[in-house]
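Just so it is clear, none of the values below were taken in a lab; they were calculated from the coordinates. Remember, predicted model here, so these are calculated numbers, not experimental data. Here the Cβ is made from the backbone with ideal geometry for all residues, glycine too, and neighbour counts use every protein chain on show.
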Amino acid sequence: MITFANGRAIGYDDVGKGVPVLFLHGFPHNRSLWSPQLGALAAPARTICMDLRGFGESAPDGPGGVDGYADDAAKLLDALNIERAVVIGLSMGGYAALAFWRRHRDRVRALVFCDTRATADNEAARAARGEMQALAEERGSMAVANQMISGMVGRTTREKNPELVDELHRMMSLAPVRGIVDALEALKQRPDSTAMLGTIDVPTLIIVGDEDVLTPVKDARAMHLAITGSRLEIITGAGHVSNMERPATFNHVLSEFLVSLTAQ
Ligand code: MLT
């Protein structure tokens, strides 16, 4: 489906009834990243997956940074008449979820951070983002997908589930160059959110694959230690896209968390 915010398209899916759960994908994905979760949770949930600007069916809007992604998410909630949602973000989607907390915390029922981190890029990481921007502009999104695919999944998936690797590679190679370049700018410029973690006072779940090499377990642990009362779940045999690599385990953990919210 598509809605328009200030005349700009935002692509999304909206399936099920129950506590609204807004899913934010990583880089350079689109909302189909969440297809194993869409309508598939055991908990009664309204699962809403959106394309971040410049990806999937969402139009680009210039480099608005992670704040732009967060503001679009708030606009989508407005369009759907949802006051508060559980906000769940994977990797770059986690950076957007942190920005959403910074800018729209009254709209947050709970937070779920998957395979992400709170820290900002260092100089070396920023330089690598710049090189990837040049790669995207010169050789297109397929070249970016080729470069990123091996780190996207864990060793177990690479060995045992080549179909999933192909599916993910296809998704990444379809990302528009404009969206990729703007997202890399957002990744480069994102602030360090470490100090803000102490302000999070809603139920928070942190999920990470034990084979994640892009945002490893130590980053998830650091978030867990800084967010009072948060829960950490480490999914074995999964890498950076733990929701796709071990969907049954991921959905079980997420469903349990959502049920715990309704019990509160
Ligand atoms: C992502 O999956 O969103 C990216 O790997 C995030 C990053 O590179 O920091």
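Annotations
- Treating each Cα of the chain as an identical point scatterer and summing with the Debye formula, the log10 of I(q)/I(0) at q = 0.10, 0.11, 0.15, 0.17 Å⁻¹ comes to -0.43, -0.53, -1.06, -1.43.
- Here region 72-227 yields Rg over Rh of 0.98, to two decimals, using C-alpha coordinates and the Kirkwood radius.
- For region 83-143, relative contact order (Cα pairs under 8 Å, six or more residues apart, normalised by length) works out to 34 percent.
- Gain on full stretching of the segment that runs from ASN81 to ALA42 - 0.36 nm per residue minus C-alpha separation: 11.7 nm
- Between the beta carbons of ASP201 and ARG221, assuming R0 = 22 Å, the FRET efficiency works out to 0.65 to the nearest 0.05.
- Set of aspartates and glutamates near LYS218 by C-alpha distance (under 19 Å), chain-local residues within fewer than 8 positions excluded: ASP115, ASP121, ASP192, ASP210, GLU233
- A Förster distance of 30 Å, applied to the separation of the beta-carbon atoms of GLN147 and ARG8, puts the FRET efficiency at 0.55.
- Summarising the amide proton neighbourhood of LEU24: residues at separation of 5 or more, or on other chains, whose placed amide H is nearer than 5 Å comprise ILE88, GLY89, LEU90.
- Long-range amide H partners of ILE235 with built H, under 5 Å: VAL208, GLY209, ASP210
- Placing a pseudo-label 7 Å from each Cα along the Cα-to-Cβ vector at SER173 and THR262 gives an inter-label distance of 4.1 nm.
- Antiparallel bridge percentage (DSSP; both residues within the chain; nearest 5): 25
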